[in-house]
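I have placed the structure first, in the form of structure tokens, so that the comments after it can refer back to it.
The values are calculated or read from the model by the stated rules, or taken from the named source; none is laboratory data. These figures come from a predicted structure and were not determined experimentally. Methodologically, a virtual Cβ is constructed for each residue, glycine included, from the backbone with ideal geometry; neighbour enumeration extends over all protein chains shown. Areas reflect the complete protein model, heavy atoms only, side chains present, ligands, DNA and RNA absent. Shrake-Rupley method; radii C 1.70, N 1.55, O 1.52, S 1.80 Å.
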Amino acid sequence: MNSISSEHNQCDEERPEDSVLDLKNVPVLTPEQEKKLWRKIDLRIMPILSLMYLLAFLDRGNIGNAALEGIVTQLDLTGNKFNIVLIMFIIAYCLFECPSNLVLKAIRPSRWLPGINFAWGVVMYPQLVGVRVCLGIAEAGLFPGVVYYLTLWYPRHMLQYRIGLFFGAATVAGAFSGLLAFGIGYMGGMEGLEAWSWIFLIEGLATIVVAIISFFVLVDFPETAKFLTPEERAFVVWRKKYDNSSVGEEKKFAAKHVWAAFQDWQIWLHIPIYMSIVGPLYGITLFLPFGYNTPVSQLLTVPPYIAGTITLLVFAHYSDKLKMRSPFILAGLTMCLIGFSMNISTAPDGVKYFGTYVIVMGSYASLPGVISWLGNNLSGQYKRGVGMALEMSIGNLSGVVAATIYRSRDSPRFIFGHAFELMFVGIGFIFVPIVMFIYKRINAKRDAAERLARERGEKAQYSYQELRDLGDRAPDFRYTL
């Protein structure tokens with residue numbers, strides 16, 4: 001097998017840590033061979049991750065289906081009680097996302113992710129508020145953990161499609177939950193249990209089964225992946241190592257990397273963008289189904305989520321292909337603007353139902369892009385892990401708002417709720433262009449400085465370790481737009 005060009009080998013000789021990773025003779029792969037390798041990785045890790053998230057989304061969203069099947073009446077969830085049940089899950093979820101990402105790297109993904117998967121599978125409903133808190137704690141680590149895990153495997157401009165495949169499980173869950181709840185609804189009265197009890201029991205049992213399977217299926221990191229040959233492992237590690245830096249990114253844990261995430265301006269500007277998509281996403285999940293009898297309402301939730309899944313994958317494919325995130329986020333925000341405008345209007349029910357299609361398509365298709373955008377632009381494994389978890393944990397607080405704005409007394413038009421969602425969309429339209437402008441400006445400055453240094457024949461001002469420590473602030477790093 002040929003090895004990577006002599007230029008890289010020469011550079012590697014100056015980096016003694018690479019010998020430990022056996023990167024001296026990284027094989028050269030043709031585009032077809034590389035495509036085949038990534039397909040092999042996809043087939044090994046994506047199906048189980050997607051299935052785990054599908055069940056997570058089912059388990060957190062089945063409260064809406066249970067409401068249609070009578071849980072509100074039977075447990076006397078009158079007034080704001082039902083909204084409190086929804087809010088407590090989100091608060092617990094937000095608080096535990098960031099710590100979970102730090103634990104994931106220490107405990108190993110193949111143990112931590114199945115472990116929390118199993119934990120939320122056994123959560124039931126005797127004391128609903130307390131159980132929703134436990135569910136939030138258990139589920140908190142899955143989404144940020146898997147997204148961070150994927151950044152350890154895939155180059156940054158292959159990331160959104162993989163997050164799209166994984167997150168697509170949520171849109172499938174949105175469709176499947178309606179169908180499943182429709183079928184389970186006919187089990188009401190069996191064994192003395194109401195239909196909403198069967199929804200929790202059946203979906204919880206499925207989660208436990210998948211958690212046990214994932215203990216044996218999920219792999220940890222490219223360096224230790226036994227399903228790859230030594231040459232394939234070396235290629236994947238090399239490809240990731242120099243994906244966003246000429247010297248490789250920092251992999252060792254240090255408290256300064258955690259602190260660097262809290263100090264990074266990017267994260268605090270990306271949080272409002274994340275909120276602008278997650279608010280509508282949570283809102284439409286709670287708003288659907290609406291307006292009809294229970295069986296019809298359950299079935300009407302299915303088509304919008306199918307459309308959302310297709311749009312999500314199309315957005316993800318072209319975003320990776322063009323190596324751009326912001327245009328697709330703006331497109332998703334525009335779709336949300338159109339959809340919520342339809343629903344806040346006095347248009348007929350058919351038009352409003354079409355508006356829910358547009359909202360689901362825009363919000364679900366945009367979220368992988370929002371997450372990938374920040375992940376692409378943070379360098380250093382621990383800084384990225386903490387930064388992405390921070391974005392999600394604080395950003396998901398918009399879900400707390402979404403859980404309270406669709407009040408039963410505002411039915412059937414829900415003007416207050418839709419107006420609030422339009423506010424979130426407006427925030428996105430403000431912050432996305434600001435971040436784009438800053439990224440463009442920094443990239444242009446670094447290009448100019450690099451050109452000037454080349455013309456003057458100046459030597460590098462930083463050691464390899466200093467460049468690694470600088471991460472995305474290094475002069476050779478370019479932000480993804």
Q: Rank by packing, highest mean first: peptides 161-169, 413-421, 366-374, with packing defined as the count of other Cβ atoms within 10 Å averaged across residues.
A: 366-374, 161-169, 413-421
Q: Return a whole-number percent for the relative contact order of the range 336-419, with Cα pairs under 8 Å and 6 or more residues apart as the contact set.
A: 31 percent
Q) Cα gyration tensor of the range 387-481, axes a ≥ b ≥ c as square roots of the eigenvalues: rounded (a/c below 1.5), prolate (a/b > b/c) or oblate? A) oblate
Q: Provide the gained length on full extension for the span Arg413 to Val209, in nm with one decimal, where the gain is 0.36 nm per separating residue minus the Cα-Cα distance.
A: 69.4 nm
Q. Roughly speaking, what is the stretch gain from Arg451 to Val103, that is 0.36 nm per residue apart minus the C-alpha to C-alpha distance, in nm to one decimal?
A. 121.1 nm
Q) Which order do peptides 404-411, 384-391, 473-480 fall in by mean Cβ count within 10 Å, highest first? A) 384-391, 473-480, 404-411
**Q.** Built amide H within the under 5 Å cut-off of Leu378, gap 5+
**A.** none
Q | Residue-normalised accessible area of the range 316-436, given per residue in Å² at a 1.4 Å probe | A | 33 Å²
Q: Estimate the FRET efficiency between Lys81 and Gln33 by the formula 1/(1 + (r/R0)^6), using the beta-carbon distance for r and 56 Å for R0, to the nearest 0.05.
A: 0.45
Q. Cα centroids of the range 302-380 and the range 437-481: how far apart, whole angstrom?
A. 33 Å
Q: Enumerate the calculated ³J(HN,Hα) couplings along the range 447-456 in order (Karplus 6.51 cos²θ - 1.76 cosθ + 1.60, θ = phi - 60°), each rounded to whole Hz, writing x wherever the residue is Gly or Pro.
A: 4, 5, 5, 5, 4, 5, 5, 5, 5, 7
Q: With a/c under 1.5 counting as rounded, go ahead and sort the range 286-427 into rounded, prolate or oblate using the C-alpha gyration tensor (a ≥ b ≥ c being the square roots of the eigenvalues; past the cut-off, prolate if a/b is larger than b/c, else oblate).
A: prolate
Q: Using per-residue counts of other Cβ atoms within 10 Å, averaged over each peptide, order 329-342, 424-437 from highest down.
A: 329-342, 424-437
